[in-house]
Amino acid sequence: MSEVRKPRDPLTGHVKALAKGFKYLVEPNRMTLDYPAETMKLPPNYRGFFTVDDKKCIGCSMCEMVCPPEAITMVPRIIGEGGKTIPAPEGEKEVKGPKRTKRPVVNWGKCIFCYFCVDVCPVDAFIPTQVHDLAFEKDSEYRPSYEDYLKPPEEPYKNSKKVISKADLKRGVSYEPAP
Amino acid sequence: MSEKVYNIDDLQNINVEGEKYIILQIGPSHPGSGHMRLKVWLDGDIIVKVDPDIGFVHRTSEWLSERREWIKAVPIVERIMLPDTVHANLAYVLTVEKLLGIEPPPRAQYLRSLVAEINRITSHLYGIGIFGIFLGSSTVYMWAFGDREPFIDLMEMLTGARITTSYIIPGGVRWDLPNGFKERAETVLQYMERRLKDYEDIWVKNPVVQARTINVGTLKKEDAIRLGVVGPNLRASGVYYDTRKHHPYAAYSNLDFEVPTMKNGDSYDRLLIRVEEIKQSIKLIRQILKDIPEGKIIADQIYNQLNPVMKKNYEEKKRVMFPAFMIHMRPPAGEASAKVEAGRGEIFFYIKSTGDKYPYRFRWVTPSFRNLPYFTHVTVGHRLADLPTIYGSIDYFPPEADR
Ligand code: SF4
Ligand code: SF4
């Protein structure tokens, strides 16, 4: 490795460094994303905010048990006829009489987006999205109620230009309009 | 280096309250790449003694992991080694697999090596970038951090997260290679190879860098072995030791790569070794993508426990879901240890199980902690202005050392 280590003679060294710097001054290889004018369309397995499918969930609490930061709380839910607090959703007509069950709610202040809950669910009831850039104004918004949690997360900057990242030989990462 | 010889073992000379030496406090608020305090005794501007005061970012990862189900330690260990998450994840999972007696299938082994090498490149670029800013070059800092991006994008494509991937689980990995990954990886590797030539001109062979790093912070081979430093820093001192070669794990026993070593062990060699290792990692990623065998990405013991919904997901989306075993696993009583060559050096894990829901004893040693002797042993006799050079060159990351 001695040839790698050999000190370069100062004149050549400085000239080469300056030349390279000048080259990138004229022809910079920026990979900046002009956020939020442009936002990324992320790969389908990107782990963003997620909600749960109320009809699929069976209330087994597996997701609560696996969550590393204990971000999931199981809230009581009554389904079927005679439900007092929450009316029975469509498609669950076959359930006769009120039935006590539980549903998960995620505390976004604690969630680390590991997706252990999504993967452990035996009926695959979670609905993942690629939305990752939500901001919360109030502390209470971190801990949504079950009804709020069911709403799919709304993407901010809906009118921004959607781009996808692409590997680029010249710039490393380049962005092109999403298909 | 000063002419005067200071004997670092004879610390009684140092009169703490006296006026002979100036005591300088560097830190604890983020003097470099994390919170730590360096207490420096100076004779003029010559360093007489350095006392690194660590523990400001101690996050009780061991304590936390001993009070949780086994799977929950994966995100915890990742957050300790933030630029190097995959290796922490891998080392922990290897230990648990030894306890459980599970062997992942070959494809999963290759995928583990693949993410590990991508992560090694990002970790080394992080190190080079921090070294740059320590020497006052914001150019190379921006360059290195920018060039992590294509690799982080690769990780994102494969694992669904940029840094905290939680990709490796007992028995295998969580996602298979997505379509188009190989082509994208090849483009990124070619880009990086070209950029390494640019780095050479603007940074590695820059006369300013050479003047500031050559013969600064030299650690001789014997001393490196005696002090037990690890990783690229050890190899920069000329010791041929790499866990990937000497105690192979994942797919490394099937892969052909070199372990670069240097002779002098000074700051410049520690910079060069990182550049050389990036080249080796590029070679390794190419090899892995060429040789990767077909097959399952999760061990049969786990696969057989998946329910029909999960099996369907596995076949269609190449996604491994968790059977209830992941929550309720109780590895049989016993002890296990594992070693992994992370970006900054060797991670060592020791776990004792009593067959319970939680680990009984959870112990791990991170590479930065083992590279701590650099502060006390190689700084003495240098000028104060050389301290950032030495700190930057050893790629020390306080959160990782404090655990
Ligand atoms: S993604 Fe992880 S942290 Fe978030 S709720 Fe699910 S298990 Fe908990
Ligand atoms: S694991 Fe799935 S089915 Fe069980 S409670 Fe959670 S969301 Fe519902």
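Values quoted throughout were computed directly from the atomic coordinates according to the rules given, and no laboratory measurement underlies them. Please read all numbers here as calculations on a predicted model, not as lab measurements. Ideal geometry is used to build each Cβ from the backbone, glycine not excepted, and the neighbour counts take in all protein chains shown.
Here are a few things to note about the model shown:
- For the range B:107-239, pairs of C-alpha atoms spaced more than 27 angstrom apart make up 35 percent of the total.
- Residue among A:149, A:165, A:130 farthest towards the positive dipole end of the range A:126-166, charges placed on Cβ: A:165
- Scattering curve values for the range B:61-402, log₁₀ I(q)/I(0), Debye with Cα scatterers, q = 0.06, 0.07, 0.10, 0.16 Å⁻¹: -0.21, -0.29, -0.59, -1.38
- Adding -39500 (n - 2.57) for every DSSP H run of four residues or longer, then dividing by how many residues chain A holds, sets the calculated 222 nm ellipticity at -5500 deg cm²/dmol.
- Residue pairs, from the table B:72/B:312; B:39/B:283; B:39/B:205, whose Cα atoms sit over 30 Å apart: B:39/B:283; B:39/B:205
- Among the listed pairs B:220/B:245; A:41/A:151; A:166/B:311; A:56/A:110; A:166/B:339, a Cα-Cα separation exceeding 30 Å is found for A:166/B:311; A:166/B:339.
- Spin-label model, residue B:361/residue B:279: points 7 Å from Cα along the beta carbon direction are separated by 4.4 nm.
- Least to most buried among B:356, B:266, A:168, B:147 (fewest other Cβ within 10 Å first): B:356, A:168, B:266, B:147
- Where trypsin sites (Lys or Arg not before Pro) in DSSP loops with at most 15 other Cβ within 10 Å are excluded, longest remaining stretch of chain A: A:1-29
- Fewest neighbouring Cβ atoms within 10 Å first, the residues B:267, B:281, B:29 line up as B:29, B:281, B:267.
- For chain A, the longest principal axis of the C-alpha atoms and the axis of helix A:10-26 are separated by about 50°.
- A crude spin-label estimate for the pair residue B:193 and residue B:63, with each label 7 Å from Cα along the Cβ direction, gives 5.0 nm.
- Whole-Hz couplings from phi, Karplus 6.51/-1.76/1.60, listed for the range A:163-172; x for Gly and Pro: 10, 10, 8, 9, 6, 10, 5, 8, 10, x
- Calculated [222 nm] ellipticity per residue, helices only, for chain B: -13500 deg cm²/dmol; basis is -39500 (n - 2.57) per DSSP H run with n ≥ 4, divided by all residues, nearest 500.
- At an R0 of 25 angstrom, the distance between the Cβ atoms of residue B:45 and residue B:208 translates into a FRET efficiency of 0.80.
- Shape of the range B:287-362, Cα gyration tensor, a/c cut at 1.5: oblate
- Within chain A, longest stretch free of exposed GluC sites (Glu not before Pro) [DSSP loop, at most 14 other beta carbons within 10 Å]: A:1-69
- Candidate aspartates and glutamates for bridging to residue A:161, where Cα separation is under 14 Å - those fewer than 8 sequence places away on the same chain excluded: A:34, A:38, A:176
- Projection of the Cα convex hull of the protein assembly as shown, averaged over all directions and equal to a quarter of that hull's surface, yields 30.4 nm².
- Taking only the C-alpha atoms of the range B:261-388, the Rg (one decimal) and the largest Cα-Cα distance, Dmax (whole number), read 22.1, 67 Å.
- Going by neighbour counts of Cβ atoms within 10 Å, the residues A:134, B:284, B:289 line up, fewest first, as A:134, B:289, B:284.
- Using only alpha carbons, chain A has a radius of gyration to Kirkwood radius ratio (Rg to Rh) of 1.23.
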